[in-house]
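Notes follow once the structure below has been shown.
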Amino acid sequence: MQPETLAPIGGALVEPPAQTIQRLSEELEQLKDQRLRLAAEFDNFKKRTQRERAESWNRAQAEVVAGILDGLDDLARVAHLEPETATARGLLDGVGLVERKLLRVLTGAGLERLGAEGEPFDPHAHEAVSTAPAPTAAQDHLVASVLQPGYRFGGALLRPARVSVYVWREPPATDAPASGS
């Protein structure tokens with residue numbers, strides 16, 4: 001029998017201890033190497049994912065900014081009108097055009113404008129800055145007027161709408177004239 005071969009002991013073949021140690025040491029080194037490779041791959045995956053997420057965010061921001069540029073150009077044209085030839089109507093029309101363009105771009109990017117007269121007051125979307133007497137009981141706690149619109153983006157509230165809210169108050173009871181008999 002050779003010294004480094006399997007030896008039968010009690011009917012079973014047993015590997016000599018030195019050979020077992022050598023084999024297990026090699027397996028351990030292979031497993032360590034495999035673990036290090038997997039750790040490096042995972043680290044690279046995390047870095048690549050973070051980089052791709054940042055690139056995606058930058059592309060999305062660039063798209064929104066590119067959409068705003070037309071509105072910015074229009075605003076520059078309005079700001080540089082000759083005072084002698086500019087009319088109030090022309091200025092109002094120009095500013096209105098800029099507002100509509102900017103709102104269209106931002107709405108397309110996911111911005112939602114909040115606050116419309118007549119809608120129910122929602123403390124999660126509105127900030128009541130004043131109250132007004134409600135003309136009817138049905139208008140109690142409805143938005144009377146919007147002082148500043150609010151905005152929500154991607155489900156997150158950016159700014160609540162600042163509103164005036166109708167509050168119903170029962171009219172004071174009037175004394176009925178006494179009927180004589």
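The values are calculated or read from the model by the stated rules, or taken from the named source; none is laboratory data. For clarity, every value in this text was computed on a predicted model and none was experimentally measured. Because the Cβ atoms are built from the backbone with ideal geometry, glycine has one as well, and the counts that use them run over all protein chains shown.
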**Prompt:** Which of (1) more than 30 Å from Glu99 (Cβ to Cβ); (2) in contact (Cβ under 8 Å) with a residue 24 or more places away in the chain does Glu55 not meet, given it meets every other one?
**Reply:** (2)
**Message:** Can you tell me which of (1) under 24 Å from the mean Cα position of the chain (by Cα); (2) surrounded by 13 or more Cβ atoms within 10 Å (Cβ to Cβ); (3) touching a residue at least 24 places away in the same chain (Cβ under 8 Å) is the one Ala116 doesn't meet?
**Reply:** (2)
**Request:** Please indicate, with yes or no, whether at least one residue in region 14-33 is at pLDDT below 95, in contact with a helix residue (DSSP H, G or I) (Cβ under 8 Å, 6 or more places away or on another chain) and not in a helix (DSSP H, G or I).
**Result:** yes
**Asked** Can Glu127 be described as modelled with pLDDT of 90 or more, outside any loop (DSSP other than H, G, I, E, B) and either in contact with a Ser or Thr (Cβ under 7 Å, 6 or more places away or on another chain) or under 30 Å from Glu63 (Cβ atoms) (or both)?
**Response** no
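Scan Leu81, Leu91, Leu75 and give me the residue that is at pLDDT below 90 and in a loop (DSSP other than H, G, I, E, B). Outline the logic, then answer.
Details: Leu91 fails: in a loop (DSSP other than H, G, I, E, B); Leu75 fails: in a loop (DSSP other than H, G, I, E, B).
Every option except Leu81 fails the conditions.
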